[in-house]
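Written out below as structure tokens is the structure these notes cover.
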Amino acid sequence: MTLSLVAFTACDLEEELISDLTKPYVAAAGGGGGAQYSSGATDGSAQRASDNLGGAFGTLRSSGSGGHGSYWSMQSVSTDEMLVGVKGGDWYDGGIWVVTHRHTVSSAHGPNSGMWSGQYNAINEINNVLAGSITANETAQLRVLRALFYMRLADLYGGVKIVTAAGQDPAQSTRKQVFEFAESEILAALGTTAAAVLSGSIDLSGSDLNTNPQKYRINQYAAMGILSRLYLNAKVWTSANTAGTDGTARWTEAANAADWVITNGPYVLVDDSYSVANLAARPDSSGLNDPATLSGVLTIGAPNNQDNPEIIFSIDYDQATGKGGMPFAQMSLHQPSQNTFNLASQPWNGYQTMEDMYKKYEAGDKRLGWFLTGSQKSSAGKQLVDWAYDDKADDAVAASGWPASDFGKPDLVYTPYVNELEPDSWRQTGARMYKFSYKQFQQNDMDNDMPIIRLAEMYFNRAEGRSMAAGDWSLGLADVNAVRSRAGVANLATLDAAKFADESGKEFIFESHRRTNLVRWGKFTEAWWEKTGAKGGSVGDDNKNLFPIPLSQIQAANGSLTQNPGY
């Protein structure tokens with residue numbers, strides 16, 4: 001897997017510049033607010049537990065949850081939110097990201113194989129810890145964590161083998177059986193029943209899980225949030241067909257589980273009353289006057305988001321203690337942007353935001369701060385220059401709809417417009433990821449924690465569950481507006497399925513929700529930019545709602561794994 005991941009990193013990189021910083025960077029008085037950018041600001045020490053579960057929960061990182069070449073990439077690039085444009089000689093990588101975008105992945109696809117292995121490696125580690133001497137609480141946490149990985153496998157591949165102990169080689173289960181296994185494990189850990197969740201009479205007094213608000217472990221609220229997600233996808237994950245149309249819906253259970261978290265948990269939707277130091281702030285001598293603090297939605301993915309009161313369960317990333325695996329700055333930024341954030345090495349200029357997704361955000365939406373667009377300046381306030389500038393961009397001005405000033409000059413200007421997926425995706429095009437924002441002098445691996453369950457998802461799950469159960473989208477309007485309101489945009493007057501899909505896409509961009517949601521809504525196989533037309537792509541094929549089981553796994557199984565339809 002290590003060799004494969006190295007192969008996926010496609011860039012003609014310049015000489016790597018290693019920081020020789022030996023003490024914390026302190027911003028100059030003024031714009032940076034004098035914030036001290038030390039490891040203590042981001043280490044998440046208050047969230048860590050002294051237990052036997054560090055290795056098991058560490059598999060959330062090693063399984064590719066927040067990085068390049070595995071789970072996060074496949075969940076994102078296969079949707080209408082992200083692309084990896086082929087930029088001349090960079091990022092072709094044997095076409096792996098082109099076929100991911102166009103839904104023409106084969107069973108020999110490298111990132112898909114890595115994604116499968118990552119989830120099963122995690123399950124094997126969890127099984128090993130479960131076989132040891134651990135407490136009832138630790139056992140309950142690991143049963144939920146293992147269920148989460150099986151939810152991923154059911155979502156990605158459908159029917160798989162359910163392995164619960166080392167050395168097992170069981171028969172392949174159906175997708176419905178994987179769903180039922182995950183459900184039973186979570187309910188057992190919570191000490192409740194499906195009937196109680198359906199009725200809303202949830203009593204967790206007998207649960208081995210606690211209510212300690214440690215975000216790197218699973219408490220009752222995190223487990224109930226995961227259960228809500230499971231039930232939200234029940235119709236698809238219990239279906240015998242790849243269209244997901246003949247399964248059993250569990251909308252009421254999804255809504256009730258989410259409502260329990262909202263009603264009983266200590267979490268809040270963060271608004272501008274909550275703030276953290278802005279660790280990206282540049283010295284005030286630049287004249288850029290970067291704000292000293294970040295507030296509201298901009299704190300959710302910040303490098304110091306470890307104590308964010310909206311996050312219920314998250315993955316611990318921390319460069320100082322070797323908890324790596326999130327190189328978003330490297331994955332997304334163009335090479336000159338190294339000088340904006342004084343990054344330890346040059347970025348790779350790969351991942352770009354789909355233009356149509358970016359355009360869904362309204363003017364004044366505070367979540368636009370989750371992207372980098374426009375003219376880019378160095379940490380000293382100097383205009384950055386794209387040394388790979390291509391003046392062919394002039395030809396696109398009339399058709400793009402974006403300002404002419406965004407094109408036709410060597411200045412580094414990120415424009416939401418993207419000219420094409422391949423073979424010459426212009427190097428400045430595409431809004432760049434900044435939801436998980438960057439800090440000054442950061443290493444390749446970032447400190448930002450990745451939320452797995454946060455309160456906003458519970459509002460959306462309750463909205464969708466109630467609306468779908470009753471066939472009335474107005475029942476979800478208040479919950480959707482609560483999330484919109486804290487982003488600074490006006491309330492919607494009405495809600496329907498299309499508006500809900502757009503609102504969900506905007507709120508959970510870059511958090512690996514989109515593919516799962518599009519499949520549930522029957523939209524994953526629809527056409528979108530550069531997915532169909534003269535250059536090919538798969539549209540309307542419900543089989544593509546699942547990825548292929550990797551060829552290497554089929555071969556190693558000696559007939560005990562059946563390939564998914566259409567591969």
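The values are calculated or read from the model by the stated rules, or taken from the named source; none is laboratory data. Owing to the predicted nature of the structure, the values given are computational and were not obtained by experimental measurement. Counting neighbours? That spans all protein chains shown, and the Cβs are built from the backbone with ideal geometry, glycine included.
Structure values in brief
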{"item": "Hits in region 401-439 (condition: among the polar types (S, T, N, Q) and at pLDDT 95 or above)", "result": "Ser437"}
{"item": "Residue satisfying all of: in region 31-55; part of a loop (DSSP other than H, G, I, E, B) and hydrophobic (A, V, I, L, M, F, W, C); modelled with the lowest pLDDT among these", "result": "Ala35"}
{"item": "Residues satisfying the stated conditions in region 520-567, i.e. surrounded by fewer than 19 Cβ atoms within 10 Å (Cβ to Cβ), of a type in the set (Lys, Arg) and touching a helix residue (DSSP H, G or I) at 6+ places or on another chain (Cβ under 8 Å)", "result": "Lys523"}
{"item": "Matching residues, region 179-197, being part of a helix (DSSP H, G or I), in contact (Cβ under 8 Å) with a residue 12 or more places away in the chain and farther than 23 Å from Leu546 by Cβ", "result": "Leu187, Ala188, Ala189, Leu190, Ala194, Val197"}
{"item": "Selection within region 211-259 - of a type in the set (A, V, I, L, M, F, W, C) and under 19 Å from the mean Cα position of the chain (by Cα)", "result": "Ile218, Ala222, Ala223, Ile226, Leu227, Leu230, Leu232"}
{"item": "Asp479 vs. criteria charged (D, E, K, R) and buried (at least 20 other Cβ atoms within 10 Å of the Cβ)", "result": "yes"}
{"item": "Lys176 vs. criteria assigned to a helix (DSSP H, G or I), surrounded by 17 or more Cβ atoms within 10 Å (Cβ to Cβ), basic (Lys, Arg) and modelled with pLDDT of 95 or more", "result": "yes"}
{"item": "Of all residues in region 317-370 being in a loop (DSSP other than H, G, I, E, B), aromatic (Phe, Trp, Tyr) and out of contact with any Cys (no Cβ under 7 Å at 6 or more places or on another chain), the one that is farthest from Lys506 (Cα to Cα)", "result": "Tyr317"}
{"item": "Near pairs, Cβ below 6 angstrom, 6+ apart or cross-chain, from region 81-95 (in contact (Cβ under 8 Å) with a residue 40 or more places away in the chain and at positive phi) to any residue that is surrounded by 24 or more Cβ atoms within 10 Å (Cβ to Cβ) and not basic (Lys, Arg)", "result": "Trp91/Val84; Trp91/Gly350"}
{"item": "Failed item, numbered, when Thr59 is tested on (1) out of contact with any Asp or Glu (no Cβ under 7 Å at 6 or more places or on another chain); (2) under 18 Å from Asp445 (Cβ atoms); (3) touching a residue at least 24 places away in the same chain (Cβ under 8 Å); (4) not charged (D, E, K, R)", "result": "(1)"}
{"item": "Residue among Arg143, Arg175 that alone is over 30 Å from Leu551 (Cβ atoms), in contact (Cβ under 8 Å) with a residue 24 or more places away in the chain and of a type outside the set (A, V, I, L, M, F, W, C)", "result": "Arg143"}
{"item": "Odd one out for Ile218 among (1) assigned to a loop (DSSP other than H, G, I, E, B); (2) out of contact with any strand residue (DSSP E or B) (no Cβ under 8 Å at 6 or more places or on another chain)", "result": "(2)"}
